[in-house]
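Notes for the one structure printed next.
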Amino acid sequence: MEAASIIALTMGVAWASGINLYATLFMLGYMGTTGNIVLPAELAVLSNPMVMVAAGVMYCIEFFADKIPGLDSAWDAIHTFIRIPAGAMLAASAVGDVTPAVALTSALLGGTLAAGSHATKAGTRLLINTSPEPVTNWTASISEDLLVIGGLWAALHHPVLFIIGLIIFIAVMIWFLPRLWRLIKRLLQHIGSWLGLSQIKP
């Protein structure tokens, strides 16, 4: 594999895992099984029918859980402990048969990227849940699924374009996350004041 393809696959699986881990696993397994891509030996297990069935079942569960306001944020909170280490592990595996130092570097970068995309998704959905109507929630969830599928397809077939897009995403994420955190903090302060647990600071 060319360097661009390796970087795109390695960072692509980490980025996608932070948004929807099970869709990522199933898509990689499906594309490997159908011969659309040749997975690195370390990721070949994703084409195993047992792994694909497990990923498919969990994706179906997440598909519905992710569209119920409140439940989606609880699901995201639990998956903080799943998506990030999985993203690190997938990144280390996707880079192929390399030295331990390169594999560890890939795992660190992949875990960080998965954490960033997960935080962006979870924080955005938490704010969306303040709206009582379900349309925005469903739209966000379906958009995230399409983003993961389209992003992985681009990473596998147009690696250079994906890397450019990923760089733009990371830049926007770095700009957006501090502002998102301030909005969430303000929201929690309002909730605390309604419950009489805290006062809103001017």
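The values are calculated or read from the model by the stated rules, or taken from the named source; none is laboratory data. Treat the numbers as computed from the prediction; the structure is a model and nothing was measured. We place every Cβ from the backbone using ideal geometry, glycine too, and count neighbours over all the protein chains shown.
Of Phe176, Phe169, all but one fail to be under 30 Å from Gly32 (Cβ atoms) and either at pLDDT 95 or above or aromatic (Phe, Trp, Tyr) (or both); the exception is Phe169.
Annotation: Pro49 fulfils all but one of (1) of a type outside the set (A, V, I, L, M); (2) buried (at least 16 other Cβ atoms within 10 Å of the Cβ); (3) more than 30 Å from Leu126 (Cβ to Cβ); the unmet one is (2). Put simply, of Gly151, Gly111, Gly96, Gly87 the only residue that is within 22 Å of Met27 (Cβ to Cβ), part of a loop (DSSP other than H, G, I, E, B) and small (Gly, Ala, Ser) is Gly96.
Quick check, is Val148 over 28 Å from Leu39 (Cα atoms) and at pLDDT 90 or above? Taking the combined requirement at face value, the residue does not satisfy it.
Residues in the range 52-78 that are out of contact with any Leu (no Cβ under 7 Å at 6 or more places or on another chain), assigned to a helix (DSSP H, G or I), of a type outside the set (A, V, I, L, M) and surrounded by 15 or more Cβ atoms within 10 Å (Cβ to Cβ): Gly56, Tyr59, Glu62, Phe63, Asp72, Trp75, Asp76. Tallying residues that are under 18 Å from the mean Cα position of the chain (by Cα) and surrounded by 14 or more Cβ atoms within 10 Å (Cβ to Cβ) within the range 128-140 yields 4. Considering every residue within the range 8-29, establish whether at least one is under 27 Å from Ile170 (Cβ atoms) and not in a helix (DSSP H, G or I). Checking the range 8-29: at least one residue is under 27 Å from Ile170 (Cβ atoms) and not in a helix (DSSP H, G or I). When Ser93 is tested against (1) in contact with a Leu (Cβ under 8 Å, 6 or more places away or on another chain); (2) surrounded by fewer than 16 Cβ atoms within 10 Å (Cβ to Cβ); (3) more than 18 Å from Ile19 (Cα to Cα), just one condition goes unmet, and that condition is (2). Would you check if Ala103 is buried (at least 16 other Cβ atoms within 10 Å of the Cβ) and either modelled with pLDDT of 95 or more or within 16 Å of the chain's Cα centre (by Cα) (or both)? Here the answer is no, as Ala103 does not meet what is asked.
Residues in the range 48-85 that are among the small types (Gly, Ala, Ser), more than 19 Å from Ile149 (Cα to Cα) and within 16 Å of the chain's Cα centre (by Cα): Ser73, Ala74, Ala77.
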